[in-house]
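**Q** Input: one structure, supplied below.
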Amino acid sequence: MQRAFVHRISQGLVTALAMFIGSQAALADTRTINTLYGEVTVEGQPERVVTLYEGALDSAIAVGVQPIGAVITRGGQHVAGYIQEAAGDIAIVGAPAETNFEAVLALQPDLILATRQTSKEQFELLSQMAPTIVLDVPLFQQDSWQRELKGFARALGREDRADEVIEEVAQRAAEVREKVIAAIPEDQRDTALVRWMPQGPLVMSENLFTATVLASAGFEVEDSDLVKEGRPHSQPLSLENLSLMDQSWVFLATLNEDGREALEAARQSPAFQRLKANVNNQVIPVDGHLWTSASGPLAAMAILDDIEDALPQQP
């Protein structure tokens, strides 16, 4: 009986020790994230991650985490095409600025990565479901995507991977920049980034994420002072005012079929045909979901690929 008693005590001590070691490991892997709404604590490695912002989905996948929920891309029906394969069979829980809270709750997340536009009321509601990260990163700055990546990666327990990803993007940008410099004279690298909508073209801010990628690849992005501070794009231009976007290169994005039809109609206008970029065959059609809505390291890599493909072929 005494032997059995000692055995039970020993087993209890083993169990207690295991629980203590486990709790200490969890404690060691507890992180505090500074967010727009104060400090948020995340424990361990989240496994059921829901992203409510395209940049968060991009960042999570880039550091090796597979989210289970995301919002659709602006003007689309699913996540952006450039990331669909990597995202896999992901559940859709709303659209930009239109979160379906019931759909988020149904996924039983253990971490939610949200957009900076999330209100305090929405943050508090989401925080009842899981730790919610709303990063306090200013928009439209050259390093905004890197700061977001590091913040989201820290919440995901993948902070070391973030630095590696940033370096990979920098190396790829340097490769493309060398090709841009070799292919295009310095005084002909001025460019406009434009989203064509049914109501007319929108000149995108020279501080937009994609504009910073273009700049890293050697282009000089101009918004011709048409974009108000803190805004992503200008008011729609009329066809009569297309000369305001008359740069040597125009990267021209559409989001849907209506935009493409409006663009094709505009191409027939004398004002469009007079554009320098059109005369020189340097109006480059691009995917608006990638070029004017996305952000993050995977988006940067895809944009750099498009830039390389657009360059004149060297003899």
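The values are calculated or read from the model by the stated rules, or taken from the named source; none is laboratory data. These figures come from a predicted structure and were not determined experimentally. FYI the Cβ positions are ideal-geometry reconstructions off the backbone, even for glycines, and counts take in every protein chain you see.
**Q** Would you check if there is a residue in region 238-246 being buried (at least 20 other Cβ atoms within 10 Å of the Cβ) and among the charged types (D, E, K, R)?
**A** Checking region 238-246: not a single residue is buried (at least 20 other Cβ atoms within 10 Å of the Cβ) and among the charged types (D, E, K, R).
**Q** What are the residues in region 268-289 that are buried (at least 17 other Cβ atoms within 10 Å of the Cβ) and in a loop (DSSP other than H, G, I, E, B), if any?
**A** L275, Q282
**Q** Now for a separate question. Within region 210-222, take every residue that is of a type in the set (A, V, I, L, M, F, W, C) and more than 27 Å from S238 (Cβ to Cβ) and give me the one that is surrounded by the most Cβ atoms within 10 Å (Cβ to Cβ).
**A** Only one residue tops the list, namely V213.
**Q** Condition first: without any contact (Cβ under 8 Å) to a residue 12 or more places away in the chain, outside the structural domain of D143 (by TED's automatic domain parsing), of a type outside the set (D, E) and more than 20 Å from A56 (Cα to Cα). Can you find one or more residues in region 222-232 that meet it?
**A** yes
**Q** Test F152 against the criterion of being at positive phi and assigned by TED's automatic domain parsing to the domain that holds T99, and give yes or no.
**A** Here the answer is no, as F152 does not meet what is asked.
**Q** Next question. In the list R74, R31, which residue meets the criterion of being among the basic types (K, R) and more than 13 Å from the chain's Cα centre (by Cα)?
**A** Among R74, R31, only R31 is among the basic types (K, R) and more than 13 Å from the chain's Cα centre (by Cα).
**Q** Take region 101-120 and flag every residue that is polar (S, T, N, Q) and in contact with a helix residue (DSSP H, G or I) (Cβ under 8 Å, 6 or more places away or on another chain).
**A** Hits for region 101-120 are T115, T118.
**Q** Considering only residues that are over 14 Å from L298 (Cα atoms) and either crowded, with 22+ Cβ neighbours inside 10 Å or free of Cβ contacts under 8 Å to residues at least 60 places away in the same chain (or both), which ones fall in region 131-149?
**A** Across region 131-149, the qualifying residues are T132, I133, V134, L135, V137, P138, D143, R147.
**Q** Do any helices (runs of 4 or more DSSP H) entirely within region 152-267 hold 1 or more residues that are at pLDDT 95 or above and under 27 Å from Q77 (Cα atoms), and if so, which?
**A** Fully inside region 152-267 and qualifying: 209-216.
**Q** If only one of A56, A91, A114 is hydrophobic (A, V, I, L, M, F, W, C), in the same structural domain as A130 (by TED's automatic domain parsing) and farther than 19 Å from L36 by Cα, which one is it?
**A** A91 is the lone residue from the list that is hydrophobic (A, V, I, L, M, F, W, C), in the same structural domain as A130 (by TED's automatic domain parsing) and farther than 19 Å from L36 by Cα.
**Q** Within the set of pairs 6+ apart or on separate chains, which have a first residue in region 88-115 that is farther than 23 Å from E148 by Cα, a second that is charged (D, E, K, R) and at pLDDT 95 or above, and C-beta atoms under 9 Å apart?
**A** Here the result reads L107/R48; Q108/R48, each pair linking region 88-115 to a residue that is charged (D, E, K, R) and at pLDDT 95 or above.
**Q** Can you name the residue in region 223-245 that is charged (D, E, K, R) and in contact with a Ser or Thr (Cβ under 7 Å, 6 or more places away or on another chain) and is also nearest to T210 (Cα to Cα) among such residues?
**A** Selected residue: D223.
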